[in-house]
Structures are given as structure tokens and as C-alpha cells.
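**Student:** Pasting in a structure now, in C-alpha cells, and then I'll have a few things to ask.
Throughout, read-outs are computed from the coordinates displayed, never taken from laboratory work. Because the structure is a prediction, the values reported are computed rather than measured. As a convention, Cβ positions derive from the backbone with ideal geometry for all residues, glycine included, and neighbour counts pool all protein chains shown.
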Amino acid sequence: MIRKLKDTFKRVYGDEAEKTFFAPGRVNLIGEHTDYNGGNVFPCALTFGTYALTRKRNDKKIRFYSDNFEALGIIEVNIDEIEYNKDQDWANYPKGVIWAFENNGMKIDSGFDILFYGNIPNGAGLSSSASIEVVTGIVLKDLYNFPIEMVDIAKLSKKAENQFIGVNCGIMDQFAISMGKKDCAILLDTNTLKYEYASIVLDGASIVIANTNKRRGLADSKYNERRTECETALKDLQKSLDINSLCELNEEEFEKNRHLIKDAVCTRRAKHAIYENQRTLKAVKALESKDIELFGKLMNASHVSLKDDYEVTGIELDTLVEIAWNKSGVIGSRMTGAGFGGCTVSIVKDECVDDFIKNVGQEYKSKIGYEAEFYVAQIGDGARKLY
């Protein structure tokens, strides 16, 4: 595939690519909508993601091309004129990272040509946008010898998404993609950025990702609305409690103080964030104790909370999960990502995986009217230079 991308680079730009980079997609096993509430998440990097081939230029032009969006052709900008432009579509993500680097004092003094190709299903909720951001970050680090650590690339990628793109996301996606490790998930405290790797030993089971094939655009979804509702709940709680984020509370503390939140909807949003944070900690302990059954039950409870308290699932995700719950060999299943479409993640006993994919796929199509796609996930390393 790299050879094919190099040929495409030469065809598009008329010259050979000099360097090749890769950033994975990610899937979050548990801990959804906790990352911007100061809680814990438990994502892992995947083996598919975004490739970037580059060549430095001697002028101030930056030229972007995506093999996924051939019809849009080359998108060209000047280094001194990096600003959001709706007409430039996907290219706003790498542009945002360039903007964030420059705003952070890393001056880019010459341009480059770059070709992207991603094999993450677009709009599936497996972080194609964060993957583009992080791969752009490692390209800039390498091309211009910037002394920047991977954690800081994650932070600047998040800044690009928040302030340049306008999506008020947390740090999880960019962090998991930057810091991923083969066969491990990352327990990340998003409040402190303390993290630890946990080996994923599923003992005769596999992670199966199912894509609803309902496109989900974060910027257009109710993501920012949910974040605002959580902030409102936090402000109400702060009138009596000395806390900086919702996830500083455990379940008992929340139940004792939930009356402080004036709005019933905001109360449910806060409940999800707090209970989900505790579920995540319990799930990692279950994994460490090789109690995969408990891990699965916590995944199931996570989905129920995302459906009832956070209201970010929808008929497609609920249908996939509810069908999965009734299949033999399924240890746990839940939506993953921001919601409103995208993917589910299930843990399925190895001997049942083929039947799971076939039977869940058939039932989903009969109920929803179109097909889901399935991937047996392999957990890979984080963003890196390939050649």
C-alpha cells in the first residue's frame, strides 16, 4: 500500500515523497463523555489509521491532497494565511494543527507537500479527525526539528480541534493516538493526564467493532450541547462543593448533592459522567483480575447510561447493541465514541465471532434497512514515522 501511495504522491505533485508517517485510529473500551468532565477513559490505538507522505518545499506554499477525497483535488494555502475555510473541508484539520504549532511559538519557515490516506471508516467515531491531527503533528515535529513530546502533540491537536475547528472535545482521542501501545489500553486520568498502560488479555475473546454506517459529524451533533449541560451542573454543585470537575465526585457524593443541580436534564448528564467514571475504574480492576465477565457487565451498564442519562445513542446504536446482548458468546457490548451514530464495541468469545458478525449483521439490516460493517480489532502502537 505504501508503494501505491508513493506512486500517487508522484502523480499528484510531480516529485517523490521524502518521508512517510502513520497515526492510528482509536476505540474507547469504556469511559465515554468523561474526558471533558475531568474523569478517566480507557482507549486503545488500532492498527488502521492515517498515512501521511511528505516533501518539503522551498517556498511558503503548503499543498494538501487526500486520497480519500480525490474529487477535492489539491488544496493550497500560504503559511502566512492559515485560517479556517469551510470550503477547504477536511484540510481544516491539518491546517488547525499548523495554526496551533505556530501559536505555540514553533515557526514554520517553509512549505511542504503532503498526501493523506486513511483507512479508518470516515464518520464512524473511530477518530479519523484526531488521527489526521496527530499525524500532522509528527510531520511538523520531524520536518522542522521541533523539540516537542508526544503528549504535547496531543495537547496541540486538541487545541486545533477546540479553537480552530470549533469542536469542544476532550483530550482522549488525541492522547490515545499519540501514546498508544501494542496490545495495551491506556487508563488516562484526563484531569491530570496521569496514565498507565493495561495489558489487554481477553483470554479466548476478541474485540469486535461494528460500524452502524450512520454518518456522525461531531461539530454538527449535540456534543457541544452535552458539554454545556455538564458545565451547568458543575456550576450548580460548585455553589456548595469545592470541586473543579464533575468526576471528582463518586456515586455516593453525587447522590448526596444531586439536589443542588437545578435542572433535571443537567442532573442526568452529571449522573452519567460521575457513574461512568467510576465504572471505568472498576472495569480496569476487573481486567487486571482477569474478570472479563465483570468487565462486560460494566460495558453493558455504560451503554444503558449513555442511552438513558446522556441520550447520545439513537436507534442505530441501540439496535446493534441490543442485538449483540442476545447473542451467544457476547461478554459485553456498548456504543463507543461521541454517539449519534458511529460504532459499537463488543467483546466476543473467539469461537462465536464469525456467527456474531453474520447474525448481528443480518438482524441489523432487517431492522434498520442497510448494512453494518464489522472489524475484529487489533490493538497497535501510537503515531510514528515509518520511513
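**Student:** Among 228, 321, 207, flag the residue with its Cα farthest along the positive direction of the charge dipole of the stretch 199-376, charges on Cβ as +1 for Lys/Arg and -1 for Asp/Glu.
**Tutor:** With unit charges placed on the Cβ atoms, the residue in question is 228.
**Student:** When we measure straight from the Cα of residue 285, which lysines land under 16 angstrom away, once same-chain ones fewer than 8 places off are left out?
**Tutor:** 297
**Student:** On a 25 Å Cα-Cα criterion, which of the cross-link pairs 214/235; 19/60; 60/141 come out too long? Mind showing how you got there, number by number?
**Tutor:** Values: 214/235 34 Å; 19/60 19 Å; 60/141 17 Å.
Where the Cα-Cα span goes over 25 Å, the pairs concerned are 214/235.
**Student:** Give me 30, 74, 379 ranked fewest to most by other Cβ atoms within 10 Å of their Cβ, as a rough exposure proxy.
**Tutor:** The order, fewest Cβ neighbours first, is 74, 379, 30.
**Student:** In whole Hz, with x marking every Gly and Pro, tabulate ³J(HN,Hα) for the stretch 41-46 from phi via Karplus 6.51 cos²θ - 1.76 cosθ + 1.60, θ = phi - 60°.
**Tutor:** 10, 9, x, 9, 7, 9
**Student:** How about residue 290: which lysines have a C-alpha closer than 30 Å to its C-alpha, ignoring those fewer than 8 places off in the same chain?
**Tutor:** Straight-distance partners of residue 290: 181, 182, 194, 271, 282, 307, 327, 349, 358.
**Student:** Also, quick follow-up: Arrange 1, 179, 299 by Cβ neighbour counts within 10 Å, fewest through most, would you? Provide the component values of the computation, followed by the final result.
**Tutor:** Details: 1 8, 179 22, 299 25.
In order of increasing Cβ crowding within 10 Å: 1, 179, 299.
**Student:** Out of the stretch 318-376, which chymotrypsin sites (Phe, Trp or Tyr not before Pro) are coil in DSSP terms and have no more than 13 other C-beta atoms within 10 Å?
**Tutor:** 370
**Student:** Once each part is reduced to its C-alpha centroid, what is the distance from the stretch 352-387 to the stretch 53-101 in angstrom?
**Tutor:** With the stretch 352-387 and the stretch 53-101 each reduced to a Cα centre, they are spaced 31 Å.
**Student:** A follow-up question, please. For each of 310, 197, count neighbouring Cβ atoms within 10 Å of the residue's Cβ, then give the residues from fewest to most.
**Tutor:** Working: 310 21, 197 14.
Ordered from fewest to most neighbouring Cβ atoms within 10 Å, 310, 197 come out as 197, 310.
**Student:** Please enumerate, by chain and number, the aspartates and glutamates with C-alpha under 14 Å from the C-alpha of residue 107, excluding those fewer than 8 residues away in the same chain.
**Tutor:** Correct list for residue 107: 80, 81, 142.
**Student:** Long-range amide H contacts for residue 331: which residues qualify at under 5 Å (H placed 1.01 Å from N, peptide plane, sequence gap of 5 or more or a different chain)?
**Tutor:** 347, 348, 349
**Student:** Classify the stretch 2-195 from the C-alpha gyration tensor, please: rounded if a/c falls under 1.5, else prolate or oblate depending on whether a/b exceeds b/c.
**Tutor:** prolate
**Student:** Based on the alpha-carbon gyration tensor of the stretch 1-60 and its eigenvalue square roots a ≥ b ≥ c, which shape applies: rounded if a/c is under 1.5, prolate if not and a/b is larger than b/c, or oblate? Let's see the in-between values first.
**Tutor:** Values: a/c = 5.05, a/b = 2.45, b/c = 2.06.
Since a/c reaches 1.5 and a/b is larger than b/c, the shape of the stretch 1-60 is classed as prolate.
**Student:** Subtract the Cα-Cα distance of residue 386 and residue 80 from 0.36 nm times their separation in residues, and report this length gain in nm to one decimal. Could the numbers behind the result be given before it?
**Tutor:** Working: separation 306, 0.36 × 306 = 110.16 nm, distance 2.92 nm.
Gain on stretching residue 386 to residue 80: 107.2 nm.
**Student:** What number, in percent, do you get for the relative contact order of the chain if the mean sequence gap of Cα pairs under 8 Å and at least 6 apart is divided by its residue count?
**Tutor:** Working: 817 pairs, mean separation 91.9, N = 387.
That works out to 24 percent.
**Student:** Could you work out how far apart the two model spin labels at residue 2 and residue 259 are, taking each label as a point 7 Å from the Cα in the direction of the beta carbon, and quote it in nm?
**Tutor:** If labels sit at residue 2 and residue 259, their model points lie 6.4 nm apart.
**Student:** Could you estimate the translational diffusion coefficient of the chain from the Stokes-Einstein equation, with Rh from the Kirkwood formula over C-alpha pairs, at 25 °C and 0.890 mPa s, in whole µm²/s?
**Tutor:** My calculation gives 114 µm²/s for D.
**Student:** Where the centre of each part is set by its Cα atoms, how far does the stretch 325-345 sit from the stretch 6-28, in angstrom?
**Tutor:** With the stretch 325-345 and the stretch 6-28 each reduced to a Cα centre, they are spaced 32 Å.
**Student:** Suppose the chain between residue 109 and residue 322 were pulled fully straight at 0.36 nm per residue; how much longer would it get relative to their current alpha carbon spacing?
**Tutor:** Here the segment from residue 109 to residue 322 would lengthen by 71.3 nm.
**Student:** Could you tell me which of rounded, prolate or oblate describes the stretch 199-376, using a ≥ b ≥ c as the square roots of the eigenvalues of the alpha-carbon gyration tensor, with rounded for a/c under 1.5 and, failing that, prolate when a/b is larger than b/c and oblate otherwise? Don't skip to the answer; put the middle values down first.
**Tutor:** Values: a/c = 2.83, a/b = 1.56, b/c = 1.82.
Oblate.
**Student:** Dipole magnitude of the chain about its Cα centre, charges +1 at Lys/Arg Cβ and -1 at Asp/Glu Cβ only, in debye to the nearest 20? Let's see the in-between values first.
**Tutor:** Working: 51 positive and 58 negative charges, 90 e Å.
Using only the charged Cβ atoms, the result is roughly 440 debye.
**Student:** Now, a different point. Nearest 500 deg cm²/dmol is fine: what mean residue ellipticity at 222 nm does the chain get from its DSSP H runs of n ≥ 4 alone, each adding -39,500 (n - 2.57), divided by its residue count?
**Tutor:** Details: 11 runs with 150 residues, N = 387.
After summing the helix terms and dividing by the residues of the chain, the value is -12500 deg cm²/dmol.
**Student:** Something else now. Report the charge-dipole magnitude of the stretch 2-195 in Debye, nearest 20, computed about the Cα centre from +1 at each Lys and Arg Cβ and -1 at each Asp and Glu Cβ.
**Tutor:** 440 debye
**Student:** Same structure again: Would you give the gap between the C-alpha center of the stretch 108-150 and the C-alpha center of the stretch 308-324, rounded to a whole Å?
**Tutor:** Rounded to whole Å, the Cα centres lie 32 Å apart.
**Student:** Sticking with this one: Compute log10 of I(q)/I(0) for the stretch 1-102 with the Debye formula, placing one identical point scatterer on every Cα and leaving out solvent, at q = 0.23 Å⁻¹, to two decimals.
**Tutor:** So the normalised log intensities are -1.30.
**Student:** Still on this structure, I have one more. Output ³J(HN,Hα) for the stretch 308-318: one whole-Hz value per residue in order, computed from phi by the Karplus curve 6.51 cos²θ - 1.76 cosθ + 1.60 with θ = phi - 60°, and x for Gly and Pro.
**Tutor:** 8, 8, 9, 6, 10, 8, x, 4, 5, 5, 4
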